[in-house]
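Step one of this worksheet: look at the structure below.
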Ligand code: UFG
């Protein structure tokens, strides 16, 4: 029996494939390689194709014995989603519908889903727990919430069990140094700070220093990508034991400001990293920190690499050795 990983050539997908390989799972990857990188796959059988292509899904399900799916394939840029919501509804929501219909047709009953803290929107309280209000402030988060809800209805009607994992801020790279973060365009804080350390950017722009936080910059909960990967493996295990559908936050439970991240990056890299204060970025909540108690107690998840200095050191190993990412 194999695990199908959609979007397995992407950042979090490829680290999850690595974690599955480490424990000897059979892996099938479906990725359209629009954002993913073939070189990010450390193993598994790759189908290059799109979720919305019924023929490729038929081939995946007839040529392999799939018992569980981990579903990453999606567009995930908040800013782009505000300009092109149709693209996000089509790829994310319709793509997931196509996948769920095929799961039903081929009698595959377990799916672990890559969700996001963006489903909460502006939090009512921090740390955020899974029972808190979900009111996305961007189209990306709205599509992810719609995908979560679609899965719940497919459970009610067809007993397809799902675990949705709502990540906070994924960062870092694999301990082996073989895979890491390579988004084009890059919008995330940690890789951008490290690109400034490498001299690939003249400076890091700090988006706002007038938030209601101790140093005025936004606070986020950074979690190592390999700790996230482990949670997906544990979620597959949980579904294999016959568990019911559920939702879990994945974060470290500790917040760091943009200025603190830059300071730690200066220590780790030994570089000056010039920073310029710029206006706020639209839609950024001041503070996002997770309560991941539920994942810890029910999944047995114990993040072990998510001390911020370790996250940034692992990311620096990757960026410094591959300054052009997978093209280098
Ligand atoms: N930031 C900067 N300068 C930059 C980039 C980011 O100051 O050049 C700041 C942002 O304003 C924010 C923090 O750094 O305060 C983190 O920004 P990221 O873009 O790295 O991450 P976000 O918190 O915006 O996004 C993350 C996930 C998204 C998810 C979102 C939920 O990456 O997928 O959380 O709100 F949708």
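Descriptive notes on the structure:
- Sorted largest first, the spans of the alpha carbon positions of the range 27-152 along the three principal axes are 47, 28, 28 Å.
- Global form of the chain, assessed from the alpha-carbon gyration tensor, a/c cut-off 1.5: prolate
- Over the C-alpha atoms of the range 41-95, the Rg to Rh ratio, Rh being the Kirkwood estimate, stands at 1.04.
- Fluctuation leader among 147, 103, 82 - the chain, Gaussian network, Cα springs under 10 angstrom: 82
- Distance between modelled label sites at residue 156 and residue 33, nm, 7 Å Cα→Cβ extension: 4.1 nm
- In degrees, nearest ten, helix 54-63 long axis to first principal axis of the chain (Cα): 70 degrees
- Stokes-Einstein D in µm²/s, Kirkwood radius over Cα pairs - the range 151-255 at 4 °C with 1.567 mPa s viscosity: 78 µm²/s
- Relative contact order (%) - criterion: Cα under 8 Å, at least six apart; region: the range 229-328: 40 percent
- Gyration tensor analysis over the Cα atoms of the range 103-195 returns equivalent ellipsoid semi-axes of 28, 20, 12 Å (largest first, whole Å).
- Evaluated at q = 0.20 Å⁻¹, the base-10 log of the normalised Debye intensity for the range 253-304, with identical point scatterers placed on the Cα atoms, takes the values -0.89.
- Using the Cβ-Cβ distance between residue 272 and residue 187 with R0 set to 25 Å, the FRET efficiency from 1/(1 + (r/R0)^6) comes to roughly 0.65.
- Within the range 149-165: backbone nitrogen closer than 16 Å to the residue 104 label point (7 Å, Cα to C-beta): 149-162
- Extension gain, residue 1 back to residue 133 (0.36 nm per residue minus Cα-Cα distance, nm): 43.8 nm
- The range 200-328 - Rg and Dmax from Cα coordinates, angstrom: 17.3, 52
- Counted over the chain, the DSSP beta bridges are approximately 5% antiparallel.
- Segment residue 302-residue 83, length gained on full extension (0.36 nm per residue, minus Cα span): 75.1 nm
- Inter-centroid distance (Cα atoms) of the range 152-223 relative to the range 17-62, Å: 23 Å
- Extended-chain gain in nm, criterion 0.36 nm per residue less alpha-carbon gap, residue 122 and residue 21: 32.7 nm
- Taking other C-beta atoms within 10 Å as the exposure proxy, 131, 248, 326 rank 131, 326, 248 from fewest upward.
- Near-label residues of the range 1-43 by backbone N, under 13 Å of a point 7 Å along Cα→Cβ of residue 65: 1-3, 26
- The distance separating the Cα centre of the range 93-133 from that of the range 66-89 comes to 11 Å.
All of the numbers you see were taken from the coordinates with simple rules; none came from a lab. None of the values given here were measured: they were computed from a predicted structure. As a convention, Cβ positions derive from the backbone with ideal geometry for all residues, glycine included, and neighbour counts pool all protein chains shown.
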